[in-house]
Amino acid sequence: MAGGALHEAKRPVSAVLAGPYGHPFHPMLVTVPIGAWVASMVFDLASRFAPDPGFLAEGSKWLIAIGVLGALAAATVGFLDLFAIPAGTPAFRTGLLHMGLNLVITAAYAAGFLWRRAGEAAGPVALGPLLLSAGGLALLAVSGYLGGKLAYRYGVRVADEVTQAGGFRR
């Protein structure tokens, strides 16, 4: 049973939608929100020190929006990956926690975007939205750890060892 469950978690629900065997789309898509949100934090911090901070605050706001849209795309295929994991397993529970954190993070960034739209863009990013983004990044690091655990420890959507061994033959 355990071998069958492991095999099931490695195969996509739909290769067209979630990515082919051993090469899921979810890890590729998560680079968009991660990169956008990290860059937005750099812009936030830079806006606190720049003589003309408005363009940095405005850029950060739109990077957050790009990150939210990217997170929604990543979540769509992430759901498909989650559905491939047998319920009741440690991998499934880890996947649920990973998903829940990512939904909270995305909601926090969406709220941060709306908060920033309502505020002034001429000055530096206000402390409240900056702290919300910093908290979002901290949770994102925890969620990323869980995503790594799913792939590297549990092998979710990773090709089996026989397939992987093909990359090491001469």
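The values are calculated or read from the model by the stated rules, or taken from the named source; none is laboratory data. It should be emphasised that the depicted structure is a prediction, and the values quoted were computed from it without experimental measurement. Because the Cβ atoms are built from the backbone with ideal geometry, glycine has one as well, and the counts that use them run over all protein chains shown. Side chains are part of the model used for accessible areas, which takes the heavy atoms of the whole protein and leaves out ligands, DNA and RNA. Shrake-Rupley method; radii C 1.70, N 1.55, O 1.52, S 1.80 Å.
Considering only residues that are of a type in the set (Gly, Ala, Ser), in contact with a helix residue (DSSP H, G or I) (Cβ under 8 Å, 6 or more places away or on another chain) and farther than 17 Å from residue 144 by Cα, which ones fall in region 97-118? So that I can check it myself, show each step before the final result.
Of all residues in region 97-118, those of a type in the set (Gly, Ala, Ser) come to 100, 107-108, 110-112, 118.
Now restrict to residues that are in contact with a helix residue (DSSP H, G or I) (Cβ under 8 Å, 6 or more places away or on another chain): 108, 110-112.
110, 111, 112, listed by residue number.
Counting only helices (runs of 4 or more DSSP H) that sit completely within region 10-88, those holding 3 or more residues that are at pLDDT 95 or above correspond to 31-47, 54-83. Of all residues in region 34-60, those that are closer than 11 Å to residue 124 by Cα have Cβ atoms under 6 Å from Cβ atoms of residues that are of a type in the set (Asp, Glu) and open to solvent by less than 10 Å² (accessible area, probe 1.4 Å), 6 or more apart or on another chain, in 60/44.
Return yes or no: is residue 77 farther than 15 Å from residue 41 by Cβ and of a type in the set (A, V, I, L, M, F, W, C)? So residue 77 fits the description; yes. Given the structure, is residue 107 modelled with pLDDT of 95 or more and within 24 Å of residue 27 (Cβ to Cβ)? Yes.
The set of residues in region 63-99 being open to solvent by 50 Å² or more (accessible area, probe 1.4 Å) and of a type outside the set (A, V, I, L, M, F, W, C) consists of 76, 88, 90, 93. Looking only at region 40-59, decide whether some residue is open to solvent by less than 40 Å² (accessible area, probe 1.4 Å), within 18 Å of the chain's Cα centre (by Cα) and under 23 Å from residue 149 (Cα atoms). Checking region 40-59: not a single residue is open to solvent by less than 40 Å² (accessible area, probe 1.4 Å), within 18 Å of the chain's Cα centre (by Cα) and under 23 Å from residue 149 (Cα atoms). Among the criteria (1) open to solvent by less than 20 Å² (accessible area, probe 1.4 Å); (2) under 15 Å from the mean Cα position of the chain (by Cα); (3) under 30 Å from residue 52 (Cα atoms), the one residue 137 does not fulfil is (1).
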